[in-house]
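Asks: Pasting a structure here, questions to come.
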Amino acid sequence: MDPRVHRATPTEGASPQPPPSNTHQTTYPADIDGTDPSRSNSDQLTSPADLESTMQPIPKPKPNGKDFGIKAFSSPDDPIVDIVAIHGLDGHREETWTAQNGTLWLRDFLPSDLPKARILSYGYDANTGCQESISTEIMRRDAQKFASTLVRKRRDAPRRPIIFIAHDLGGIILKWALVICDNQRPRPGPIQRDDLQSVLVSTQAILFFGTPHFGVKDEIIDAIQHMASVYTHKTDKILDQLREDSSELENVQELYAGISKNIHRVCFYSGCSQGKKGDMSVSYRSAVIAGDPDARKESLHASHKEMVKLSKDDEGYDTVCDYIKEFARSAVQEVGAKWVTEDRIRSAANGR
């Protein structure tokens, strides 16, 4: 609750005395409309700048290690496809996807629409404003961990098709993960236990939600860093790498473009106004991968944060679900064909 300062009034019936130089001040809660009923109209804060100067942000919850890694929302018998979600900046493997009414569409709706899909959500430390958790890992290290964790989770079926759902920073982490998988091709000889390349070959489609492929405007990054600095001296390396024209983003996009030609791609962007100051916001230009003619583009009528908090009766859910169903229907055949090609490459590398 935002504090408002109120000068103590003299006791009723007593003669007012001039206030001393260091007048004692008592704080009272603001009314629901942001005003302090105990203050005169002339004392009320009237400008957004005045109001912002008195606001104290609510500390973000401490990231819990139990919320990191992969959580399964649906694990049917004999699934034909894995749907893997990865959250973004200040996200959470469950809360990111949860609507205001408490429903989590990946868990509560999608399994009934795709009963043969295993649905997973990955959590990692992307918190910018926690006093107690200071992440020094940058994007490539997060990507390496994500890829390795996913490979272990898929050891029983490494060739099962994958459809990724990525929000915000999660899309950048995902692109780096796929680049890492491409760079770590299996060595000649028997198939290794941790075959990172299998993730790339098995990727059928990616749904990007508000991913800043070409960065975020400086004023937005500065506002996020300012809010984070209220709590901690947390490293701002990840935030700096998300600025417009970041060499890190340019590098990963160039590498990713070379390996994604056989992957279906949809870029969702926010089609309405953004949230409050300090919230992430991604421009249309940055969200849609300009110059990629094969990437489909879709607008969702929601803010950047709310665009992945889908409800069953939401037009956005129908649109997203239709895309996932489309990619799932062709996944077994298309990913199977990619594995035929991959097996030929591996056989040639092994001299067979």
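Asks: Where does each of HIS264, HIS167, HIS301, HIS213 land when they are ranked from fewest to most other beta-carbon atoms within 10 angstrom?
Replies: Working: HIS264 20, HIS167 26, HIS301 12, HIS213 23.
By the 10 Å Cβ count, ascending: HIS301, HIS264, HIS213, HIS167.
Asks: Counting Lys +1, Arg +1, Asp -1, Glu -1, what net charge surrounds PHE164 among other residues with beta carbon under 11 Å of its beta carbon?
Replies: Values: positive: LYS175, ARG265; negative: ASP82.
Here the charged neighbours net out to +1.
Asks: Please arrange SER148, SER112 by how many other C-beta atoms lie within 10 Å of their C-beta, fewest to most.
Replies: SER112, SER148
Asks: Using a 10 Å cut-off around each Cβ, can you sort THR103, THR211, THR98, THR341 from fewest to most neighbouring Cβ atoms?
Replies: Exposure proxy ranking, most exposed first: THR341, THR103, THR98, THR211.
Asks: Listed here are the pairs LYS175/LYS325; LYS66/LYS309; LYS71/LYS116; LYS116/LYS153; LYS66/LYS325; which of them are more than 26 Å apart at the Cα?
Replies: From LYS175/LYS325; LYS66/LYS309; LYS71/LYS116; LYS116/LYS153; LYS66/LYS325, over 26 Å: LYS66/LYS325.
Taken together, the values in this text are just the output of simple stated rules run on the coordinates, not laboratory data. The model shown is predicted, which means the values in this text are computed figures rather than measured ones. Backbone-built Cβ (ideal geometry, glycine too); neighbour counts: all protein chains shown.
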